[in-house]
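Structure record follows, encoded as structure tokens.
The values are calculated or read from the model by the stated rules, or taken from the named source; none is laboratory data. Everything numeric in this text was worked out from a predicted model, so none of it was measured. We place every Cβ from the backbone using ideal geometry, glycine too, and count neighbours over all the protein chains shown. Please note that ligands, DNA and RNA were not included when accessible areas were found on the heavy atoms of the full protein model with its side chains. Shrake-Rupley method; radii C 1.70, N 1.55, O 1.52, S 1.80 Å.
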Amino acid sequence: MRMTVAAAAVLTMVGAAPATADRPAGPGPGASRGDDFTVVGHRGASGYRPEHTLAAYELAARMGADYIEPDLVTTKDGVLVARHEPEIGGTTDVAEHPEFAGRKTTKDLDGVAVTGWFTEDFTLAELRTLRATERIPDVRQRNTLYDGRYPVPTFQEVIDLSKRLSRELGRPIGIYPETKHPTFFQRQGLALEPKVVEALNRNGLNRPGAKVFVQSFEVSNLRWLSSRLRVPLVQLTSASGAPYDFVANGDPRTYADLVTASGLRWVAGYADGLGPEKNQVIPRDAAGFLGEPTALVRDAHRAGLTVHPYTFRAENQFLPADFRSSVVPAEYGDLFAEIAAFRAAGIDGLFSDNPDVAVAARDDRPAA
Ligand code: G3P
Ligand code: CA
């Protein structure tokens, strides 16, 4: 990715290394649109199975997802595992294990006091005695059918699954790992980033052309990775707040600063894609209806960044008011219509809990 003079100046100011010359160029403007529209199974097919289980990932791949998305945290003994956050009380049965009652604690997680059980306080062997449970049982009651059936997978198991399914399905199933709470883990001497590099190297996936994206809500760790990985990197952004590494280092910039035209040019100095919260692409009004698209997609493409917003879900609770079917949060609304609106805004792909719908929408055919 070519850096502008202005971007290079900002990089120099913050003392970061630019991306190395041998990193592949990102997908670039126009390179991943149309037929190449990318569907990422968000936490697997988490609309239909408890998230971040091999069952959820496998279902996503079989539904046609191009990529499966493991969020990564670490165990006490330094093994990368797939969870959305280090606290596991909300997605496992740990509370039902009296032998771990003493591990319940309160920690400062990116400035927020969180009480529960944390992966970094468990060895992998201990963690494997737990079973995954549905995060939002009130909304996804059907998924609770699978509570207690699946362990917490390691990153290696997710990679192995992607390789096995690629062979079986006759098409490459990519992986789209996210480093979760990088600063939190670095402060505990359990940095995620070297383990991600090691895992990709070990599996022959740290090379141009490997079907891999690596994503983060923080900036510093992506910049560190940019000189060590040869796969595309994706900067995640939120509609509010700031990267926690910026907060921790006293950098006043926010996510809103990153998604300005100049901010996006700066991001393109170390990343190849942007993963915005979908409201940053098409905001909602006070009543929850979609407004007009922002300039984000246009500006990101001009900067050479591909755009994969999150998260597209079928339940009314998550849909814009335009596409809700009723006032019942758990009932399905018109996810097809929401995806159509965002495709019209020019996005290059998306994260979805319902990858079957996203694939059908992309292929312009009824869902199987
Ligand atoms: O990584 C894209 C999206 O997954 C970011 O949100 O919180 O679901 O990891 P989250
Ligand atoms: Ca994620």
ask   = Once fully extended, how much extra length lies between R284 and R164, figured as 0.36 nm per residue of separation less the alpha-carbon to alpha-carbon distance?
value = 39.1 nm
ask   = Which percent of the accessible area of the range 96-208 is formed by carbon and sulfur heavy atoms (probe 1.4 angstrom)?
value = 50
task = Calculate the dipole size of the chain relative to its Cα centre from +1 charges on Lys and Arg beta carbons and -1 charges on Asp and Glu beta carbons; express the result in debye to the nearest 20.
result = 900
request  = Provide the per-residue ³J(HN,Hα) series for the range 78-85, in order, calculated from phi with Karplus coefficients 6.51, -1.76, 1.60 and θ = phi - 60°, each as a whole number of Hz, with x at glycine and proline positions.
outcome  = x, 9, 6, 10, 9, 8, 6, 8
query = Are there chymotrypsin sites (Phe, Trp or Tyr not before Pro) in the range 204-244 that DSSP puts in a loop and that have at most 15 other Cβ atoms within 10 Å, and which ones?
reply = none
message = To the nearest 20 Debye, how big is the dipole of the range 221-358 about its Cα centre, given +1 on the beta carbon of each Lys and Arg and -1 on that of each Asp and Glu?
response = 560
Average projected area [Cα convex hull, the chain], square nanometres = 17.6
ask   = How many percent of the accessible area of the range 230-368 is carbon or sulfur, using a 1.4 Å probe?
value = 54
remark   = Out of T254, T38, T237, a Gaussian network model of the chain with alpha-carbon springs under 10 Å gives the largest mean-square fluctuation to T254
inquiry  = Can you give me the long-range amide H partners of F122? Hydrogens built in the peptide plane at 1.01 Å from N, cutoff under 5 Å, separation of 5 or more residues or another chain.
reply    = K76
query = Taking 0.36 nm per intervening residue step and subtracting the Cα-Cα distance, what contour gain separates A256 from T105 on full extension?
reply = 51.0 nm
task = Please list D285, D110 in order of solvent-accessible area, largest first, computed with a 1.4 Å probe with all protein chains present.
result = D285, D110
request  = Using the Karplus curve 6.51 cos²θ - 1.76 cosθ + 1.60 with θ = phi - 60°, work out ³J(HN,Hα) for each residue of the range 105-114 in order, rounded to whole Hz, and write x for Gly and Pro.
outcome  = 7, 10, 10, 7, 10, 6, x, 10, 6, 10
Residue-normalised accessible area of the chain, expressed per residue, 1.4 Å probe, Å² = 40
remark   = Under the Karplus relation with 6.51, -1.76 and 1.60 and θ = phi - 60°, whole-Hz ³J(HN,Hα) for the range 349-362, x at Gly and Pro, equal x, 7, 9, 9, 6, 10, x, 4, 5, 5, 5, 5, 5, 4
key: Lys/Arg +1, Asp/Glu -1 at C-beta; the range 298-368 dipole; positive extreme among A344, H301, L319   = H301
